[in-house]
Amino acid sequence: MNSYAGNGMSSELAMFETPFADISTLKEATRSNEPAEVAYSNFLHELESPFTRTYEVAGNSAVVTQVAEEFVQFLGELNDAEFSDSLYELASEMEDRWLPKISNEAAMGDHYVPFATQQAREFITPLLMETETMIDKVAQHFSGNNLSDYNEKEIETFFSELEFSDNNFSPAQEQFFGKIINKVKSVVKKGVDLAKKGINAVGKILPVNIILNKIKGLIKPLLDKVLKFAIGKLPKNLQPHAQTLAKKFLKLEAPAAPESTELFSSGEIDGIQTEFDTTVAQLLFTADEVEGNSIVSEYEFSDEVIERELAYEAGGITPPSLESARQQFINELKSLPPGESPAPAIERFLPAAILALQPVIKVAISVIGRQKVINFLAGLLAKLVGKYVPENVAKPLAASIIDVGMSAIGFEVNETNKSDIGYEAIANVIQETVQHIAELNEATIQDQEALTLQLLEAFETAAANNFPPQYIKEQLRPSIQPGVWVLKPRKGPKHMYKKFTKVFNITIDPQSAQAIKSFRDLPLANFLKDKLSLDPSKPIQAKVHLFETIPGTKLSKISKFENIPGFNAQQPFAWVQLHPLTKQAAAILLKEPALGKDISQKSNAKRHRTGVGQRFYYLEISGARLRIPAVNRGATKAGKPGKMRAPKPSQSGDIQGVINFVKSEISFSYYFSEEDAKSVVEKINKNDFLGAAISIRHAIKNVLNGMLSKNVSNKVKIIHEAIPELYLEHIGDHEQESALASLAKTAGGIVLGGSKEMLTKLIEQLVEKISEHAYQAVANFFKGRAAEFKEAQAQPQDGVTIKISWSNIQGMTAIRTVINAIRNKNPLGNISELTLPNIPSPEIKIVADKKFD
Amino acid sequence: MEVIASHHTSLLRQVNHWLQAATRLSSLDHLASGYAWQGIDHKIGTQLKESLQQSIGEVVALAKNLQKQLENSQDGNALRHIKRGLIQLRDRYLKTEETIHFYTVAINSRTTPNVSALLRACDILCAKSMQDLLRPLGKDTPPVLTYIDKGVGASILKAGLRLWDGNISHVAAVKITQHNLFRPTAIIHETGHQVAHILNWNEELSVALGNKLTNHSKIVGAAFSGWSSEIAADAFAFVHTGFAAVAALHDVVSGTPQAVFAYHQHDPHPIAYLRVLLNIEMCRQFYGAGPWNDLEESFKNDYDVNLVNFSSVGLIKLCVDALPDAVQLILKSPFHCFGNQALSQLVPPNKASPQALEKLEYLAGQSLYTSHAWIWNECIRLLALNGYKIGTGKGDLTALYKQQEDWMTKLGFSVDMN
């Protein structure tokens, strides 16, 4: 058995049992059986509640300047949880401008980006012009030195009466335009507010009209960044870069090298808002115009600067795009002379595959290290896949893939009888193997045995996903039902995602619909009810289509290339019908747990944050249709002709918490979907108060508070001078923890987690405590003021928001100080009592529509 | 020889003519405006295009085949054979054109965004009405395309039937009349035809009416039996929308006395006089006394059977006596096709009773016509409610029509915004 000899890898391979069914076993595989190392998380629960202890800050605590307070408050006001969504939709519409005109993106090579940019310009220009005109109008109105005479109501009136010519805008353009108006409004309000407070409080600032003029200069670069995101060229670590800006302003310690460990298949769009908001805030607090100009120009070129930095770190290597590298690889395999090793071809393909997975792998390996890894991996992989490269093997392989996937995929006629798809499967296996190697760093390269083990394990999974089941040993097949993942679209500008060849016929029973969670931990039942108008208390027949993301996948693009009822190019917002195929969902819906993949909390929060290799499903249900209510577009209830607003699919329940340490305020906003609100009102009208109370309790306790407690990191906005990130999820995972040593001592020698973990724990406990009060407040509200809720539900808008806010909460100042200590790495002194002694009665507001702060 | 040559040329010219005509037909996107195509459901659009394309493809294939035959045919016999083929080709072309023309008119009736939205609302109403009955029986609901046309009465081109071109239609095309756009209970009558066709209820009901009205003269059973398909559709509209359907039907058939009392042999429609009274009897049996009593009174006053001397009067009088038994049979007796249940068990008419509708209005409060949750879930009962109010003829009728237009527009805009 000498077929593995050569390339110096025979010993490693001899140990390995391949996943392929037709290769005889050499030896039992040695599996890495690392003990599940218990991390610091185990110690965490020993950290007692912050409400029973106080960390008193010793001596020279950080001086909180009023500017810092105002700055973070303003950041909080600017931040709009849905801004990224609208940027994503804008990018998606931009992409629709060029995608249909491109038959092969890889073949366009260097012409692709200029072509796409040119096509997008036609889309961007009118939007840019209208936005700039709007800002001009506002600047003109709020010029002069009587700024402090305006009150908030006057400002609101001015903005509500502002006229635009946005009639030809697409839904996404309209949404973007509206969001920018809101940001401009926040600037004006804050400018007026600061002008009233005077120079003593915040120092000299520029007049609002000058600031607005500068902000006008940010719109083009902002739209360019969205375009870059659409093309897939937005730097992947824009978010950490953006945060250092705020930290610099606040003179907080910024991590030396910004890093991002999360890899999104389509890049990170959230960074765009963070950078924009921070830049706007910087402008507002700038004393002179020169500094203002430099802020604007920094913003304009930031992405290029980051890109140059990245390129420098990558050693100046700019590999071809993954798509063209893959094409080239397939061609090389096809023309490989019999008997020759595919290793050199793989070596040429790997850099593109690896760099597509930046920055996960990039950060860990130096340029020299990378070449070593590539040579090593290529040698191993060549051995593993070499057997399938000869034409007489590849052709039957292709035939069986086409066989298993004919009905679900719809292969092109010219693909049958060819070996291409067999080679495509080999390329997929190699690419995915790299993707599955969890840790690739200088240390693993030194330890070849460990690296080999990692690679073999990754290879096993990758092969099982991409080869037809009959090629794979039974116990390694990813599903009981035969199927294989195939790249799609089969014909089009480029491959954009994978689809599983098996479509499952299932029945969703009421229990499953409640148990399965979709994005934001929303029960599937809520989705079925709110968006598809189905009754989840009855069994629902469905066909399940499975998709997987590849580098570059945007969920919004999948439906453009599918032709499934309810999920096709004509169906607007079709992509909101995709759900994460978690292990739980796969087990319950398909009885195929191995087809599921759990996703990170960050990805779970938003549909646009999709990682590479994540899986999603679409439910094709006969007769079900996505509801896109016309609520905003008809006449308003008062009979006034309402302004047309961009249509949106009906929304499901949601929650937002805002913890404002600067003002000692906390607010919770509960959003009831139209369906939920309707059923509550129906019960109230029926005098079924108990039933209404049960519905409310279910919505708040089981769904919304559950959603909040599982997603504190992205559902709670924190206003604190030491947390310009606003959300816990934006705080880097590996912040330095110098201060914690001292804390650890005072806490009795317990090793605590990083500062992020401390903060998270703190906020989580705060949220938990307030949640109970919030539920009580809502329950009391319904006893006395149900009529207001009924009134709001009857408005034509989609759903109802209940906002509960507590102000002047005693004890928050103490927590604020603790947070300062944690983040400023100040030494902490003795621990004494720390509580929220009594939570005052809250103020409750009810509004129609989804209105979050 | 010359004759043969000229015959050959003539045939070739004609085949070419029909071939190019068929080729022109095949650019389906040009038949209706882009807007109109966008206004219809994607699935329906795709299915229609596919099936029309198939028909055209068959015509083109036929023509090309004839062309080929012509290339190799020199003798008179062969040319005569081709001539027969040519006649067949003309026929197929014209039938295909007829089919395409029908759908072109239907699709193009979605002229503006608002009309398109109203028709999409009708599509939804039709689909929902069928789902209510078909789903529990485990049957698929066919897609529906509604369109506006002139005239007094609605109609349906059922899915599952052969079209002019010989192909099976996959989409039910329901015509709604201009005058009834905001009072469209008639489309539920039409989907009743579709449902009865799918379940074979017509045949079963016909047998039942023919055999089970034993307390009455035989000709009564025979007459009702012959009207079974229309009675089935009326019953379907009634169980969904109650009095609204009855009042709308009354208004549609109330023409000249000749038309109201006329009896046409082989006409599946009952004598209009009887049809109105049959529908009123349905209300009475399920809802007791109500505005239908007034309707009956005024109807009988307008069309007094004792004052006319049409030949149908005798039959009418016999049938009137049988109405209570007929309703009992139609709505309350089990049928095999309904899984041995009665229609009123599967779709309870009481959900559309005046009391139930009043309750709906009360429970939903002011949000009934504004909240998309209500509109979407209760669109059929909203149709019943508005139709009921209009049917009673009280209150601000203009406002009621406007209200109907508003909620239907909302419903239509909430799917497939284009």
* 10 Å beta-carbon shell around A:S324, net charge (K/R +1, D/E -1) -> 0
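Report the full-extension gain for the segment A:A779 to A:Q66: residue separation times 0.36 nm, less the Cα-Cα distance, to one decimal in nm. Numbers along the way, then the final one.
On the way: separation 713, 0.36 × 713 = 256.68 nm, distance 3.77 nm.
That pair, A:A779 and A:Q66, stretches by 252.9 nm at full extension.
On average, how many beta carbons from a partner chain sit within 10 Å of the beta carbon of a residue in A:392-401?
On the way: counts 0, 0, 0, 0, 0, 0, 0, 0, 0, 0.
So the per-residue partner count for this stretch is 0.
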* First measure r as the distance between the Cβ atoms of A:V305 and A:N168, then evaluate 1/(1 + (r/R0)^6) with R0 = 35 Å and state the FRET efficiency to the nearest 0.05. => 0.50
* Quick one: which residues, 5 or more positions from B:E378 or on another chain, have an amide H under 5 Å from its amide H? H modelled 1.01 Å from N in the peptide plane, none for Pro or chain starts. => none
* Asked: If amide H atoms are built 1.01 Å from N in the plane of the peptide, which residues on other chains or at least 5 residues away come under 5 Å of the amide H of A:A21?
  -> A:I472, A:K473
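Averaged over peptide A:684-695, how many Cβ atoms belonging to another chain are found within 10 Å of each residue's Cβ?
On the way: counts 2, 7, 3, 0, 1, 0, 0, 0, 0, 0, 0, 0.
Mean number of neighbouring Cβ atoms from other chains: 1.
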* Where does segment B:184-351 land on the Kirkwood hydrodynamic radius, alpha-carbon pairs, in angstrom? -> 15.8 Å
* To do: Quick one: work out Rg over Rh on the C-alpha atoms of segment B:90-184, Rh as Kirkwood radius.
  => 1.00
* Among A:228-240, A:408-420, the order from most to least packed when residues are scored by Cβ within 10 Å on average -> A:228-240, A:408-420
* Residue-wise HN-Hα coupling along segment A:99-105, computed from phi with Karplus coefficients 6.51, -1.76, 1.60 (Hz; x: Gly, Pro) -> 3, x, 8, 10, 9, 7, 5
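Calculate, in nm to one decimal, what B:D149 and B:S217 gain on full extension: separation in residues at 0.36 nm each, minus their alpha carbon distance.
On the way: separation 68, 0.36 × 68 = 24.48 nm, distance 4.06 nm.
Result: 20.4 nm gained on full extension.
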* Structure fact -> On the formula 1/(1 + (r/R0)^6), with r taken between the Cβ atoms of B:N301 and B:R90 and R0 of 56 Å, the FRET efficiency rounded to 0.05 is 0.50
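Going by average Cβ density within 10 Å per residue, which order do the peptides B:388-399, A:68-79 take, highest to lowest?
Values: B:388-399: 15.3, A:68-79: 21.7.
Highest mean packing first, the order is A:68-79, B:388-399.
Find the Rg to Rh ratio for segment B:191-272, where Rh is the Kirkwood radius over alpha-carbon pairs and Rg uses the same atoms. Working shown, then result.
Details: Rg = 13.3 Å, Rh = 13.5 Å.
Rounded to two decimals, Rg over Rh is 0.99.
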* Pairwise Cα inverse-distance average, inverted: Kirkwood Rh of segment A:782-827 (Å) -> 14.3 Å
* **Inter-chain shielding of B:359-367 (mean C-beta neighbours from other protein chains, 10 Å cut-off)** => 6
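In whole angstrom, how long is each semi-axis of the equivalent ellipsoid of the protein assembly as shown, when you take the square root of 5 times every eigenvalue of its Cα gyration tensor and sort them from largest down?
Working: eigenvalues 698, 388, 175 Å².
Each semi-axis is the square root of five times an eigenvalue, giving 59, 44, 30 Å.
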* **Relative packing of peptides B:149-162, B:123-136, A:789-802, A:763-776 - highest average C-beta neighbours within 10 Å first** => A:789-802, B:123-136, A:763-776, B:149-162
* **Sites matching GluC sites (Glu not before Pro) across segment A:83-184 that sit in DSSP coil, with at most 15 neighbouring C-beta atoms within 10 Å** => A:E163
* Which value in deg cm²/dmol, rounded to the nearest 500, describes the helix-derived mean residue ellipticity at 222 nm for the protein assembly as shown, given -39,500 (n - 2.57) per DSSP H run of n ≥ 4 and division by the residue count? -> -17500 deg cm²/dmol
* Identify the residues of segment B:41-55 with backbone N under 18 Å of a label point that sits 7 angstrom from the Cα of B:S26 along the Cα-to-Cβ direction, or state none. => B:48-55
* With Rg and the Kirkwood Rh both taken from Cα atoms, where does Rg over Rh land for chain B? -> 1.07
* Work out, in µm²/s and without decimals, the Stokes-Einstein translational diffusion coefficient of segment A:497-620 at 37 °C, 0.692 mPa s, Rh from Kirkwood over C-alpha pairs. => 228 µm²/s
* In whole Hz, with x marking every Gly and Pro, tabulate ³J(HN,Hα) for segment A:664-675 from phi via Karplus 6.51 cos²θ - 1.76 cosθ + 1.60, θ = phi - 60°. => 6, 10, 10, 9, 10, 10, 9, 9, 9, 5, 4, 5
* Structure fact -> In whole percent, the Cα-Cα distances of segment B:334-418 spread across 5 Å bins from 0 upward as 3, 13, 20, 21, 16, 11, 9, 6, 2
* **Size descriptor, Kirkwood hydrodynamic radius, that averages inverse alpha-carbon separations across segment B:2-108, Å** => 15.0 Å
* What net charge is computed for the residues neighbouring A:E347, neighbours being all others with C-beta under 14 Å from the C-beta of A:E347, Lys and Arg scored +1, Asp and Glu -1? -> +2
* Amide H to amide H, which residues 5 or more places from B:A342 or on other chains are under 5 Å from it, using H placed in the peptide plane? -> B:F335
* Residue-span extension gain [A:Q514 to A:T125] - 0.36 nm each, minus C-alpha spacing -> 135.5 nm
* To do: Return one number: the angle in degrees, 0 to 90 and rounded to the nearest 10, between the long axis of the Cα atoms of helix B:76-108 and the longest principal axis of the Cα atoms of chain B.
  => 40 degrees
* Structure fact -> Once phi for every residue in segment A:677-693 is put through the Karplus expression 6.51 cos²θ - 1.76 cosθ + 1.60 (θ = phi - 60°), the whole-Hz ³J(HN,Hα) values, with Gly and Pro written as x, are 4, 4, 6, 5, 4, 4, 5, 4, 5, 7, 6, 8, 5, 5, x, 4, 4
* Rg and Dmax of segment A:95-183 over Cα atoms: what are they, in angstrom? -> 18.7, 61
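At a threshold of 8 angstrom on Cα-Cα distance, excluding pairs fewer than six apart, so keeping six or more, what relative contact order does segment A:103-313 reach in percent?
Values: 175 pairs, mean separation 49.8, N = 211.
About 24 percent, as a whole number.
Every number in this text was worked out from the coordinates using simple rules, so none of it is lab data. Keep in mind it's a predicted model, so treat the numbers as computed, not measured. Methodologically, a virtual Cβ is constructed for each residue, glycine included, from the backbone with ideal geometry; neighbour enumeration extends over all protein chains shown.
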